[in-house]
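Working notes, structure below.
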Amino acid sequence: MATFDRVLRGGVLWLTDGPAVADVGIKDGTIVEIGDLKQASASEIVKVEGLAVLPGMIDTQVHFREPGMEHKEDLESGSRAALYGGVTTFFEMPNTSPTTTSREALDDKLSRAKGRCWANYGFFVGASNDNIDQLRELELLPGTPGIKIFMGSSTGPLLVEGDENLRRVLENGSRPCPIHAEDEPRLRELKNLLSEHPHPREHPHVRDAEAARLATSRILALSRETGRPVHILHVSTADELTLIDEAKRHGLRTTAEATPQHLYFNEELYERRGTRAQMNPPIRSEEHRRAIFEALVEGLFDVLGSDHAPHTLDEKAKPYPQSPSGMPGVQTIYPFAMRLVAEGHISAERMLQLCCENPCAIYGIKGKGRIAVGYDADLVVCEPSTPFTVENAWFQSKCGWSAWEGEMLYGKPIHVLVNGTFSLREGSHVGSPSGCAVEYDWKPVPSKV
Ligand code: DOR
């Protein structure tokens, strides 16, 4: 009998502490040996000499729209887009229809996902004013990385607005909460500022930097008060960077996410792409973009996340502000991260922390995020320093467009293995989906009362 199911031979492995040329032996979905495996027997030997082997990316913020909005995306198409981009695990957000705010809704998503996902999955439960008392139990259900909080309304009805309810949400559990930080009362006030025939370039003014600063400041104060760690999603302003830095210095377990779009685009995108540039929190001025980029280079951020939020072209063709907010991104995020490395902004090791290791550390993901013996064989084979121009034909998302079309990214995935199975081969998906529900190592912290 073969020792291994599969051996990847001769690739440059991107390891936590730097690159190394070695073979990877895989059995039953797990990496069981790393080294010189020339003598080993295997059912399949795949030569990857001259190519890099990276751990698959873990994208902890995507919206895959199922159930309820499958015309925009579904779990199969969204996870296929993930696969083509080298994302082998995704965490999906609860603003579907119905919202994922109960055990039944979570179970429904998990059963829909079974056998249809090209990448591994976890589904956040949404906090709402009606489920606060159940959150302590909900956050520990199998299949969820925890509880998501929308402080400002975006796509869908999920919202926890006032400090009193936010405090109760934070008190009702212990896992880190990802936060959409925009201040709802301020958003309501600013809506009146829209001109008579609004243009999408007004978006960063009606959801302004102060709305983001206020919300982040409020949730960090509540995090300090309650001791509950928070993870600030899609940071979009220079102002929030100072707050996050201070929180980290004061020993709060605060973590933060940067998205490729806030790192790369500025408000000029509204002129080129109109409503396709519209997302929440908005793409802002060059000053904010540069500050976020510098903070990434300096090490403030913990993760990169895509906030993949597909809407159809018909929906985006509605006049602003009836047009929905959000842009796809799960397929382009890892190649964007590789561009950051290829251009020398961050090291390969830092990229692995942002895309693979830190998501595991924050959410307690078991057995993923690195190439090491005993870890799941979620692997991406690519040429990280080879650029490619992003073309529409490559996209797998149902929405069929991306703000990244025409941009240059790096390291288009050639092969991708998910749980040891080849799911992308020579750039095309093969076989059937092999994604599984992610498992977590998380011990609940007992309630104070
Ligand atoms: O622009 C956004 N779109 N921001 C969000 O927070 C939600 C997302 C969506 O689901 O469309």
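The values are calculated or read from the model by the stated rules, or taken from the named source; none is laboratory data. What you see is a predicted model, and the numbers here were worked out from it, not measured in a lab. No Cβ is skipped: glycine too gets one built from the backbone with ideal geometry, and neighbour counts run over all protein chains shown. With ligands, DNA and RNA removed, areas are computed over all heavy atoms of the protein, side chains included. Shrake-Rupley method; radii C 1.70, N 1.55, O 1.52, S 1.80 Å.
Computed values, structure above
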| read-out | value |
| --- | --- |
| Spatial separation of Cα centroids for the range 81-112 and the range 292-369, in angstrom | 17 |
| Carbon and sulfur %, accessible surface of the chain computed with the full protein complex present, 1.4 Å | 48 |
| Translational D in µm²/s for the range 147-276 (Stokes-Einstein at 20 °C, 1.002 mPa s, Kirkwood Rh from C-alpha pairs) | 138 |
| The chain: relative contact order as a whole-number percent, Cα under 8 Å and 6+ apart | 21 |
| Length released on extending from A317 to E294, taking residue separation times 0.36 nm less the Cα-Cα span | 4.9 nm |
| Anchor K316: lysines whose Cα lies under 26 Å away (excluding residues fewer than 8 positions away in-chain) | K72, K148, K191, K398 |
| From phi via Karplus (6.51, -1.76, 1.60), per-residue ³J(HN,Hα) for the range 16-25 in Hz, x at Gly/Pro | 3, 10, x, x, 8, 8, 6, 8, 10, x |
| Beta bridge orientation in the chain: antiparallel %, DSSP, nearest 5 | 50 |
| Amide hydrogen neighbours beyond the local backbone of L13, cut-off 5 Å, H modeled | A20, V21, A22, V53 |
| Computed over the range 61-110, Cα set: Rg, Dmax in Å | 10.8, 31 |
| Reach of K47 by Cα under 23 Å, taken over lysines that are not fewer than 8 positions away in the same chain | K27, K38, K412 |
| Sparse-neighbourhood loop sites, GluC sites (Glu not before Pro) in the range 284-383 - DSSP loop, at most 14 other Cβ within 10 angstrom | E343 |
| Dipole moment magnitude, nearest 20 debye, the range 56-363 about Cα centre, only Lys, Arg, Asp, Glu C-beta charged | 380 |
| Per residue value of the accessible surface for the chain (all protein chains in place, 1.4 Å probe), Å² | 37 |
| Anisotropy class of the range 379-431 from Cα gyration tensor, a/c 1.5 cut | oblate |
| For the range 56-363: span of alpha carbons on each principal axis (Å, largest first) | 45, 42, 42 |
| Long-range HN-HN contacts of Y121 with modeled amide H, under 5 Å | F90, C436, A437, V438 |
| Table column - 3J(HN,Hα) (Hz), the range 254-270, Karplus curve with 6.51, -1.76, 1.60, x for Gly and Pro | 8, 10, 9, 10, 10, 9, x, 5, 6, 7, 10, 9, 10, 5, 4, 4, 5 |
| Cα centroid of the range 379-449 to Cα centroid of the range 218-277, whole Å | 24 |
| Phi-based couplings in Hz for the range 340-345 (Karplus 6.51, -1.76, 1.60; Gly and Pro marked x) | 4, 6, 4, 8, x, 6 |
| Global size of the range 344-449 as Cα Rg and Dmax, reported in angstrom | 17.1, 56 |
| Residues with amide H under 5 Å from that of K148, placed H, sequence gap 5 or more | V125, G126, A127 |
